[in-house]
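Some notes on the structure that comes next.
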2 protein chains.
Amino acid sequence: MLATNLLAVTTTPVQPSEPAVLHLSQSVAQLTADLVDIESVSGDEARIADAVEAAVRRYDSLSVRRLGNVVIARTELGRPERVVLAGHLDTVPIADNLPSRVADGRLHGCGASDMKSGVALQLRMLELIGTGAVEPALDLTWLFYDCEEVEAARNGLNRVAAEHPELLQADLAILLEPTNGGVEGGCQGTMRAQLSTTGRRAHSARSWLGINAIHLVTPILARLADYRAREVEVEGLTYREGLNAVFIEGGVAGNVIPDRCLVTVNYRFAPDRSEAEAEAHLRSVFEGFELTVLDSAPGARPGLDRPLAQRAVTALGGQVAAKLGWTDVARFSALGIPALNFSPGDPSLAHRADESVELAQLERCEQLLVGFLSASPAAATN
Amino acid sequence: MLATNLLAVTTTPVQPSEPAVLHLSQSVAQLTADLVDIESVSGDEARIADAVEAAVRRYDSLSVRRLGNVVIARTELGRPERVVLAGHLDTVPIADNLPSRVADGRLHGCGASDMKSGVALQLRMLELIGTGAVEPALDLTWLFYDCEEVEAARNGLNRVAAEHPELLQADLAILLEPTNGGVEGGCQGTMRAQLSTTGRRAHSARSWLGINAIHLVTPILARLADYRAREVEVEGLTYREGLNAVFIEGGVAGNVIPDRCLVTVNYRFAPDRSEAEAEAHLRSVFEGFELTVLDSAPGARPGLDRPLAQRAVTALGGQVAAKLGWTDVARFSALGIPALNFSPGDPSLAHRADESVELAQLERCEQLLVGFLSASPAAATN
């Protein structure tokens, strides 16, 4: 069965000048390949957004909005609960990995894992519900957005959340970021901070006249090397923190005692801590040193205290782990919407030239999602 | 007297198109100003070398050689001992500090300290001896050379030492590098080495899957911070060593555990150690870490065990200190010629935009040098 699917996947050379066409009735594997073959590096999503919008507008039962390169489709069935299926259309830059190709039961190509396989799943759900092949137990919102792989100010989800939060309102969001086919709840926060030491320059032939700012960094690195990161349970999930130097830089010339050394640290913190608490923690770890927060993003609680989230976990395989990386679930969390991560992509292959997704995993995730969306609440919680 | 001298100094706008003319009968202060006003950044010494050569060729009693931009003049008086007076003609790049100007009893301008004041002293000695105003107790060799401020391969003294070592043969060399008017013996060696740590990259959200190469640097910095540098007595002079990080560099991206960190250290070592011994010492300090020697230069013993060097010290003020920075005295030392550093320049002002030299110091150094060169051995050692 798998072999048949593999042979059925055909790939398309990139032809950026012509409009791209998506056929949602195809297999999820073929749809993933078609999406991968539409080049859509961050900032250049118009063509893929056009193709998604055109495909989505074919279903009369859905209301569709286009906001820049964001496409939103909604059912209006009057169901008591609403779920958002969210995914970004952009990829990191191409790394000689287009067009897509099938090998060893996997589809290879830029965005195969992060996250065009997730977008293909979104579109497959839309086809099945839009054509009436699946009768949904919930109202649904599909969100396809741009510029996730770049700075937050350009992020399409961020923009919609700020300008049209009513379009995102829901009881649960499922973000189709790579999770290897499992469910991952919430996400950890992230903070980058810069530590600096200040010495005094001198000629290195008379080093005692100076103060070596690189040597002064020793206790900063010792505290990092000795740091024992917390493992924190939040709503039954274990989040494992981390505190690491990601950059170090110092030096003036080969014969000069350096007067400045900079260490950039990245703190990944569990969602029981706010950004303010994370900063206070860093200031306590590095007491005595100058510290400047460079940027940060809050974590998101998994929201597993809500019945709908629990039903989703049960339907999507019954297992849930803590999401350790930061994802856009935090943006939903900020709107008060619990959010889970779920998709067939492999997070460890994201952003790599050899990015790929397992085709069998695609099929499995499609079946699980259909099960969740069509199941009656009573059946799903058994 | 000083005031008269100050007023007597006139400065000349730079006119690189015309040949420069040096009048050696002027005061040492005026001669320094004239030399400073001939721009001669390393690699661009032809004009100043032409001026020096033309000035030097006026004295029939001297034999003169021109080798590239090196000028060598020698007396051939049949004296039992010979002294080299050596100085480089080049400067570091101009820093909006030309033409020269006099203020607060100092001559300001590029090279005023390092080392056109020294070259002016060389030329003044040549004038006094060449005209017979001073009867020298010794034979003399004047060496004016190019490209001291740049890589060793271009250094004019280095070239003459390799191609015409016979022209440098002497019983003592006095290098007119800045010493603040004191005598400094020998010089320390210098070695730069790179230490590296190797970790394993990982996403910083799952830092325990990686090994942080910046954290691994902790013991290297701790050993540097705890290092107690030797103070070594060599021929009665105390050399103070130093071992310092001069560069540190590590980091891949703000969300990646870095797999590599590089620390460059500079070891300044007393002349009782060879380069091989210095390297062995570094390898023992940093045992367990990858170490690569980037470059090194040997130190030079002060040569104070020789009677002529002792007479020079006595005549030039009676005080001698260890030279801690590396200078070209090591090149003489490598030829078996003891060498001292002596000139009015202030080493702490070398290479600075506000470089200057004290005019009173110029006069004093001229008198001391005349005293040494004209004194009989018996008188000088009293």
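Just name the residue that is farthest from A:Glu290 (Cα to Cα) out of those in the range A:214-228 that are surrounded by fewer than 20 Cβ atoms within 10 Å (Cβ to Cβ) and in contact with a Ser or Thr (Cβ under 8 Å, 6 or more places away or on another chain).
Here the residue is A:Ala225.
Out of all the residues in the range B:216-233, which are β-branched (Val, Ile, Thr) and either more than 7 Å from chain A (Cβ to nearest Cβ) or part of a strand (DSSP E or B) (or both)?
B:Ile220, B:Val232
Can you pull out every residue in the range B:252-302 that is open to solvent by less than 60 Å² (accessible area, probe 1.4 Å), within 16 Å of B:Leu221 (Cβ to Cβ) and either acidic (Asp, Glu) or within 12 Å of chain A (Cβ to nearest Cβ) (or both)? Selection gives B:Pro258, B:Cys261, B:Leu262, B:Val263, B:Thr264, B:Val265, B:Asn266, B:Tyr267. The residue of the range B:351-368 that is modelled with the highest pLDDT, among those that are more than 14 Å from chain A (Cβ to nearest Cβ) and more than 18 Å from B:Gln30 (Cα to Cα), is B:Leu368. Run B:Ala213 past the list (1) part of a loop (DSSP other than H, G, I, E, B); (2) under 30 Å from B:Val329 (Cβ atoms) and report the number of the one that doesn't hold. Looking at each condition in turn, B:Ala213 falls short on (2).
Of all the residues in the range A:34-47, those that are among the β-branched types (Val, Ile, Thr) and either within 14 Å of A:Tyr145 (Cβ to Cβ) or part of a helix (DSSP H, G or I) (or both) number 1.
Exactly one residue out of A:Met115, A:Met125 is open to solvent by less than 10 Å² (accessible area, probe 1.4 Å) and over 13 Å from the mean Cα position of the chain (by Cα): that is A:Met125. The conditions of being among the polar types (S, T, N, Q) and not in a loop (DSSP other than H, G, I, E, B) are met by A:Thr141. One residue alone among B:Gly189, B:Gly236 is more than 30 Å from A:Ser296 (Cβ to Cβ), surrounded by 16 or more Cβ atoms within 10 Å (Cβ to Cβ) and either touching a residue at least 40 places away in the same chain (Cβ under 8 Å) or within 9 Å of chain A (Cβ to nearest Cβ) (or both), and that residue is B:Gly189. For the range B:303-318, the candidate set comprises residues that are in contact with a helix residue (DSSP H, G or I) (Cβ under 7 Å, 6 or more places away or on another chain) and not basic (Lys, Arg); within that set, the residue that is most open to solvent (accessible area, probe 1.4 Å) is B:Thr314. B:Ser348 - would you say it is within 14 Å of chain A (Cβ to nearest Cβ), surrounded by fewer than 23 Cβ atoms within 10 Å (Cβ to Cβ) and assigned to a helix (DSSP H, G or I)? It is true that B:Ser348 is within 14 Å of chain A (Cβ to nearest Cβ), surrounded by fewer than 23 Cβ atoms within 10 Å (Cβ to Cβ) and assigned to a helix (DSSP H, G or I). Among the residues of the range B:21-41, those identified as among the small types (Gly, Ala, Ser) and touching a strand residue (DSSP E or B) at 6+ places or on another chain (Cβ under 7 Å) are B:Ala29, B:Ala33, B:Ser40. Listed by position, the helices (runs of 4 or more DSSP H) inside the range A:237-344 whose residues that are closer than 29 Å to B:Leu262 by Cβ and among the hydrophobic types (A, V, I, L, M, F, W, C) number at least 1 are A:275-285.
Results for (1) hydroxyl-bearing (Ser, Thr, Tyr); (2) open to solvent by less than 70 Å² (accessible area, probe 1.4 Å); (3) not in a helix (DSSP H, G or I), shown as yes or no for each residue.
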| site | (1), (2), (3) |
| --- | --- |
| B:Ala49 | no, yes, no |
| B:Val52 | no, yes, no |
| B:Ala73 | no, yes, yes |
| B:Gly87 | no, yes, yes |
| B:Asp96 | no, no, yes |
| B:Pro99 | no, yes, yes |
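Within the range B:198-213, can one find any residue that is open to solvent by less than 30 Å² (accessible area, probe 1.4 Å), away from chain A (no Cβ under 14 Å) and more than 22 Å from B:Leu373 (Cβ to Cβ)? No - not one qualifying residue is present in the range B:198-213. Does A:Leu373 meet the test of being of a type outside the set (Lys, Arg) and under 22 Å from A:Leu157 (Cβ atoms)? So A:Leu373 passes the test.
Annotation: of all residues in the range B:101-135 being assigned to a loop (DSSP other than H, G, I, E, B) and β-branched (Val, Ile, Thr), the one that is nearest to B:Asp34 (Cα to Cα) is B:Thr131. Taking the criterion of being polar (S, T, N, Q) and at pLDDT below 95, would at least one residue in the range B:157-176 satisfy it? Yes, there is a match, as at least one residue in the range B:157-176 is polar (S, T, N, Q) and at pLDDT below 95.
Scanning the range B:318-376 for residues that are touching a residue at least 40 places away in the same chain (Cβ under 8 Å), polar (S, T, N, Q) and closer than 30 Å to B:Glu275 by Cα returns B:Gln319, B:Thr327, B:Ser333, B:Asn341, B:Ser343.
Looking across A:Val160, A:Val183, A:Val134, one residue alone is open to solvent by 10 Å² or more (accessible area, probe 1.4 Å) and either farther than 21 Å from A:Ser117 by Cα or touching a residue at least 12 places away in the same chain (Cβ under 8 Å) (or both). It is A:Val134. Look at the range B:144-157: where a residue is open to solvent by less than 10 Å² (accessible area, probe 1.4 Å) and a partner is part of a helix (DSSP H, G or I) and of a type in the set (A, V, I, L, M), sitting 6+ places away or on another chain with Cβ atoms under 6 Å, you get B:Phe144/B:Val52; B:Tyr145/B:Leu157.
Against the numbered list (1) within 14 Å of chain A (Cβ to nearest Cβ); (2) aliphatic (A, V, I, L, M); (3) over 30 Å from A:Ala193 (Cβ atoms); (4) touching a strand residue (DSSP E or B) at 6+ places or on another chain (Cβ under 6 Å), B:Leu324 comes up short only at (4). Just one of the listed residues (B:Arg124, B:Arg159) is touching a helix residue (DSSP H, G or I) at 6+ places or on another chain (Cβ under 6 Å) and of a type in the set (Lys, Arg), namely B:Arg124.
The values are calculated or read from the model by the stated rules, or taken from the named source; none is laboratory data. Predicted, not measured: the structure shown is a model, and the values here were computed from it. As a convention, Cβ positions derive from the backbone with ideal geometry for all residues, glycine included, and neighbour counts pool all protein chains shown. When the accessible area is computed, the model is the full protein with side chains, heavy atoms only, and any ligands, DNA or RNA have been set aside. Shrake-Rupley method; radii C 1.70, N 1.55, O 1.52, S 1.80 Å.
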